[in-house]
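Read the structure below first, then the notes.
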Amino acid sequence: MTDYKAQGEEELGTEKSPAEEHTPAVDESSPLNVEEKKENGEWISEPGTEVKKLESMEATNSGQDPGGFTHPEGGWGWMVMLSAMWCNGSVFGIQNACGVLFVVLIKEFGSENDPQLMFKTAWVNSLSMGMIFFCSPVVSIFTDMFGCRKTAVVGAAVGIIGLLSSSFVKSLEPLYFTYGILFACGCSFAYQPSLVILGHYFKKRLGLVNGIVTAGSSLFTVSLPFFLSYLLDGIGLYNTLRVLCIFMFILFLAGFTYKPLLPKDSNRRKKIFNFSIFKYKSYCIWAFGIPAALFGYFVPYVHLMKHVKERLGPDVKEEVLLLCIGVTSGVGRLVFGRLADYIPGVKKVYLQVISFFLIGLMSMMIPLCHNFGGLIAVCLFMGLFDGCFICIMAPIAFELVGPENVSQAIGFLLGFMSIPMTVGPPVAGFLRDKLGSYDVAFYLAGIPPIIGGIILCLIPWMHERTLKQKEKGLDKDAEEKIMDSTASALTPGTAENYKKEDVSII
């Protein structure tokens, strides 16, 4: 009979188990061994490490960065924030002021005898807004491959070319390409990197910073209608478009500030399309619910000015309505952006749910307003919750898929958004041409946001369910790895010998 206790005390002075005796001595604390075990997911140097590993996975799923990178939360990031703010302002300020351009395009290129005048003219601004989002999946790939800085700079240059060429057209149809496609594609390539780069510099303040950045479009939405009206009356459509090229040139310069900080994942960049984001069920719901809500979203921006002229007469200062939307949208982005920092995880999506419900309701209220004061009240509420919806787009994306996947997650989402945002305004124009008023168009525009809000309510439940499933799977994997590591520590035949000797000891 083998006396293991005596033998162990004689050789080492301590008691050793049979498994320990046959295990080769390895320095567990050596850097090489630590890194190897971390890479293999086997590092269990101390009790509770599996719990830490689980928390790390949950942190990744919730948009946190467990890799040890520390966000500066300021510094050069403030300059990046200002550049991104100008980007949002120049891109969406021009887009949101399209109601002013819409009226001028009708006068410049339209004919009173054309029964489809509203439908045809609406396609210019609708294409422009839709293409900004339609290009986003491609933009996300370029952002992953070439970085935020190069993508944004090239995009601004293309935008300048599109806007400048639009100032030389002599009919409506060429504007579909120069303004609706070329200019919009440039804006898309310049815009999306401004969302991604903020995650390089901010984490704790990301909601607030996104609120400030997206408030840039509100500032431009407030001022551009009056500025454009002044320019259009003074120098005409073509010279006004040339003046707007200056805004895009400043955007071109702003793109050079997008210095990346997060390390590149070379393995992930080998994938042109990162379809792994669709493994997140909560993201899939989000990517379906947001577009479903946006079929009527852009209708008021395009047709509200014309509706006001028809309903209340030509003497009404309809630009004041865009001013109201812009002011309260800016307030909403700052307030709700900061509020989102205090709402944990994906529960931030409830802010978007509330926003869509109220935006849909306000769209339905527009035809019921027969005086200018009522329209102002509607626009104030619409702008407030418009700002809420927009400012938390990026923070929710970080929560759903994590920072390493956020670029293409935002890109695919914006691409899906392009279809409803492009289709909505022409359909509203078609209904106006057929029915003689915008009333039905605004009633119908309020339905999709409510439906989309209901769909988004499923996201927190699905996200929590997915996390619980991963916890169970991780616990099972941890047990299997511990068993495998114990078995691999025994040399061939040792386990069988150990059983025999253990019996003899007893």
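The values are calculated or read from the model by the stated rules, or taken from the named source; none is laboratory data. Every value quoted in this text rests on a predicted model; they were computed, and no experiment measured them. What goes into the accessible areas is simple: the full protein's heavy atoms, side chains included, and nothing from ligands, DNA or RNA. Shrake-Rupley method; radii C 1.70, N 1.55, O 1.52, S 1.80 Å.
Pair-distance distribution of the range 312-441: all C-alpha pairs, bin width 5 Å, starting at 0; shares per bin in whole percent are 2, 10, 14, 18, 20, 15, 10, 7, 4, 1, 0. D by Stokes-Einstein for the range 124-229, Kirkwood Rh over Cα pairs, 10 °C, 1.306 mPa s: 107 µm²/s. Treating each Cα of the range 266-385 as an identical point scatterer and summing with the Debye formula, the log10 of I(q)/I(0) at q = 0.23 Å⁻¹ comes to -1.30.
The value given for the range 215-340 is a Kirkwood hydrodynamic radius of 19.0 Å, derived from the mean inverse Cα-Cα separation.
Quick one: of LYS279/LYS348; LYS279/LYS481; LYS279/LYS468; LYS107/LYS434; LYS306/LYS347; LYS317/LYS348, which pairs are farther than 27 Å apart, Cα to Cα?
On the way: LYS279/LYS348 21 Å; LYS279/LYS481 25 Å; LYS279/LYS468 15 Å; LYS107/LYS434 20 Å; LYS306/LYS347 38 Å; LYS317/LYS348 37 Å.
Violating the 27 Å limit, Cα to Cα: LYS306/LYS347; LYS317/LYS348.
The residues of the range 382-459 have, on average, 27 Å² of accessible surface per residue, using a 1.4 Å probe with all protein chains present. Oblate is the label for the range 380-436, because the ratio a/c of its alpha-carbon gyration tensor axes (a ≥ b ≥ c) is 1.5 or higher and a/b is not greater than b/c.
Given just the C-alpha atoms of the range 65-207, how large is their convex hull per residue in cubic angstrom?
Details: hull volume 16.6 nm³, N = 143.
Expressed per residue, the convex hull around the Cα atoms of the range 65-207 is 116 Å³.
Evaluated at q = 0.16, 0.32 Å⁻¹, the base-10 log of the normalised Debye intensity for the range 438-478, with identical point scatterers placed on the Cα atoms, takes the values -0.58, -0.95. Rounded to a whole number, what % of the accessible area of the range 244-391 do carbon and sulfur atoms account for, probe 1.4 Å? The value for the range 244-391 is 72 percent carbon and sulfur by accessible area.
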